[in-house]
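Reviewing the structure listed below.
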Amino acid sequence: FFHFRRGGPHQTMRPLLLLFCYLKVATAFVSASRGGVAPSSTSLAGGYDATIGADPKTPIQFFVLPGNTCPYVQRTHITLIELGLPCDVTEVTGMPKPDWYLKINPRGKVPAIRVPTADYAVIYESAICNEFLCDYATFRQQKQTLMPMDPFMRARIRLLNDHCDNVFSKTQFTFLMNKDEEKHFECMNQMEEALRMYEDALVESKGPYLLGEDFTIADLHLLPFIQRLTITLKHWKEYELPTDKFPKLVEWVQFCLERDSVKASSMTREKTIEVYSRFVEADYSFGGLNKNK
């Protein structure tokens with residue numbers, strides 16, 4: 001279902017190679033759309049629009065960072081896999097982001113998706129992308145349970161997701177990045193207080209997922225951050241989710257990690273530590289999530 005491209009800054013490409021890549025992409029997407037073998041990776045680099053060789057009949061173009069490193073991208077990656085939607089994946093490299101990508105998403109962030117068959121409509125921000133993809137699948141008369149039709153369930157999902165973005169993630173990164181030993185337990189307690197909402201949701205729904213039997217957008221919205229929490233906080237803070245406080249949440253993590261979509265979109269433990277080492281050493285702000293600043 002996924003075909004990978006890379007678009008980096010300031011390199012050129014010979015016309016023959018570009019033509020070859022165009023034919024390769026076109027062939028791959030015919031295969032993917034017919035349920036054939038997933039196409040192999042093709043590398044394109046350059047300051048030009050890296051999607052220039054994409055088949056215009058491609059249902060969705062998906063813009064990501066390389067290497068499954070971004071938790072926001074992982075949310076949408078999981079959504080695409082769960083829905084079985086074929087797409088053309090373009091890796092956006094370079095800082096600042098290349099001009100061709102800023103024309104697609106002026107914020108320069110990932111993920112973003114573009115739909116060539118809908119006059120190249122662009123959607124960005126992971127939560128918005130994921131809801132759109134569920135609606136897109138429903139519009140195509142495809143059954144999906146990631147975003148239920150019940151308005152109360154949809155509101156419940158949005159409330160859980162809002163808590164993740166505006167409460168929990170801030171406490172997680174503040175705890176991880178804290179260098180003041182006197183604030184260690186204060187930061188830990190604030191994070192655990194934020195996690196209580198998910199433990200309560202799992203008790204209420206009777207699990208195994210946040211809203212009950214079905215894996216939904218609420219689960220995939222939270223999971224990339226919990227996944228990173230379990231690795232980074234154990235490595236740097238010697239902290240693990242206490243099973244006496246969060247028995248349902250610990251079980252939930254294991255349920256989610258067994259899903260094929262999560263396995264396909266995840267970094268290894270070693271890669272996660274490598275990536276986050278750069279953040280910890282630089283005292284990174286995580287876009288304002290690190291409240292030690």
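The values are calculated or read from the model by the stated rules, or taken from the named source; none is laboratory data. The model shown is predicted, which means the values in this text are computed figures rather than measured ones. Using ideal geometry, Cβ is built from the backbone for each residue, glycine included, and neighbour counts are taken over all protein chains shown. We work out accessible area using only protein heavy atoms, side chains counted, and drop any ligands, DNA or RNA first. Shrake-Rupley method; radii C 1.70, N 1.55, O 1.52, S 1.80 Å.
The table that follows gives values for the structure above.
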| quantity | calculated |
| --- | --- |
| Amide H partners (placed H, <5 Å) of Val89, local residues excluded | His3, Phe4, Arg5, Phe62 |
| Residue-span extension gain [Thr268 to Lys103] - 0.36 nm each, minus C-alpha spacing | 56.1 nm |
| Heavy-atom accessible area order for Lys237, Lys179, largest first, 1.4 Å probe | Lys179, Lys237 |
| In nm, spacing of pseudo-spin labels at Val203 and Thr69 (7 Å Cα→C-beta vector) | 4.0 nm |
| FRET efficiency estimate (nearest 0.05) - Cβ-Cβ, Thr93 to Lys179, R0 25 angstrom | 0.20 |
| Equivalent ellipsoid semi-axes - Cα gyration tensor, region 77-229, angstrom | 30, 24, 11 |
| Region 237-252 - phi-based ³J(HN,Hα) in whole Hz, Karplus 6.51/-1.76/1.60, Gly and Pro as x | 10, 6, 10, 10, 4, x, 5, 6, 8, 10, x, 6, 5, 5, 5, 4 |
| Area accessible to solvent at Phe255, 1.4 Å probe radius, in Å² | 100 Å² |
| ³J(HN,Hα), Karplus 6.51/-1.76/1.60, whole Hz, each residue of region 130-137, x for Gly, Pro | 5, 5, 4, 4, 5, 5, 4, 5 |
| Gain in span if fully extended, Lys245 to Val122, counting 0.36 nm per residue against the direct Cα distance | 40.1 nm |
| Long-range HN-HN contacts of Gly212 with modeled amide H, under 5 Å | Gly207 |
| Nearest-0.05 FRET efficiency for Glu238 and Lys143, computed from C-beta distance (R0 51 Å) | 0.70 |
| Accessible area in the full protein assembly, largest first, 1.4 Å probe, for Arg156, Arg75 | Arg156, Arg75 |
| Largest-first ordering by accessible area, 1.4 Å probe, given options Val110, Val167, Val203 | Val203, Val167, Val110 |
